[in-house]
Amino acid sequence: MNWEAVGAIGELLSALAVLITLVYLAVQVRQSKALLERNEKISLSQVHQARTDTRVNIHIAQFNNAVYANRLYAIWNDPDFVAELTEAELSQARAMMMASIVIQDNALYQSNLGLLDEDTLNASMEVIKGNYEVWEKLGLAVTPRIERTYHQLKNNTEKSPDNQKKA
């Protein structure tokens with residue numbers, strides 16, 4: 001065997017080694033991508049579960065006390081009812097509504113990050129639209145994100161064809 005043949009065999013083996021390495025790397029990249037997608041789903045699931053746990057705990061706290069539940073229901077139906085609350089009820093209502101503000105702001109933040117599905121975002125927007133006046137009557141500060149969202153929702157409602165027909 002001459003040296004040229006040995007060199008050619010060496011080149012062939014080198015090319016084969018490069019090809020095997022490239023195939024191996026392609027498999028590794030595919031497995032890493034699948035693992036990242038799985039971890040993203042797990043993270044999103046954890047975020048959703050934490051949001052659900054928080055909401056459930058707030059609802060349990062809100063409606064464990066029948067008197068408080070009735071007061072809260074009255075506030076939601078007529079924000080001016082705030083004036084009829086005792087100091088203790090007012091303090092309790094502020095705490096519950098502040099928790100709601102934090103939850104809604106978190107939902108908007110997660111939506112901006114692309115971590116929130118559209119149905120959950122729409123539900124959060126309905127809560128903002130329904131509670132904004134109550135938050136104002138209770139003297140609670142809302143985040144700029146919530147304020148922007150509320151005014152966008154309000155402007156969209158005022159511009160809707162149904163509301164223009166009523167005017």
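Values in this text are rule-based calculations from the coordinates and carry no lab data. Just so you know, these numbers come straight off a predicted model, no measurement behind them. For neighbour counting, all protein chains shown are included, and Cβ atoms are generated from backbone atoms with ideal geometry for every residue, glycine included.
So what is Rg over Rh here for the chain, counting just Cα atoms and using Kirkwood for Rh?
1.40
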- With r defined as the distance between the Cβ atoms of Q28 and N122 and R0 fixed at 35 Å, what FRET efficiency is calculated, to the nearest 0.05? 0.30
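Using 1/(1 + (r/R0)^6) with R0 = 41 angstrom and r between the beta carbons of E89 and L113, what's the FRET efficiency to the nearest 0.05?
The value I calculate is 0.65.
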- Listed residues S14, S91, S124; largest mean-square fluctuation, Gaussian network over the chain with Cα springs below 10 Å, found at S14
- Message: Explain nothing, just the number: relative contact order of the chain, from Cα pairs under 8 Å at least 6 residues apart, as a whole percent.
- Response: 17
- Cα-Cα P(r), the range 75-117, percent of pairs per 5 Å interval: 6, 20, 18, 18, 12, 11, 9, 5, 1
- Return the sequence-ordered ³J(HN,Hα) values of the range 129-137 in whole Hz as given by the Karplus equation 6.51 cos²θ - 1.76 cosθ + 1.60 applied to θ = phi - 60°, using x for Gly and Pro. 4, x, 9, 4, 5, 5, 4, 4, 4
- Note on the structure: Residues L115, L72, L19 in order from fewest to most other beta-carbon atoms within 10 Å are L19, L115, L72
- Message: Counting only helical runs of four or more DSSP H residues, what would the 222 nm mean residue ellipticity of the chain come to if each run contributes -39,500 (n - 2.57) and the total is spread over all its residues?
- Response: -29500 deg cm²/dmol
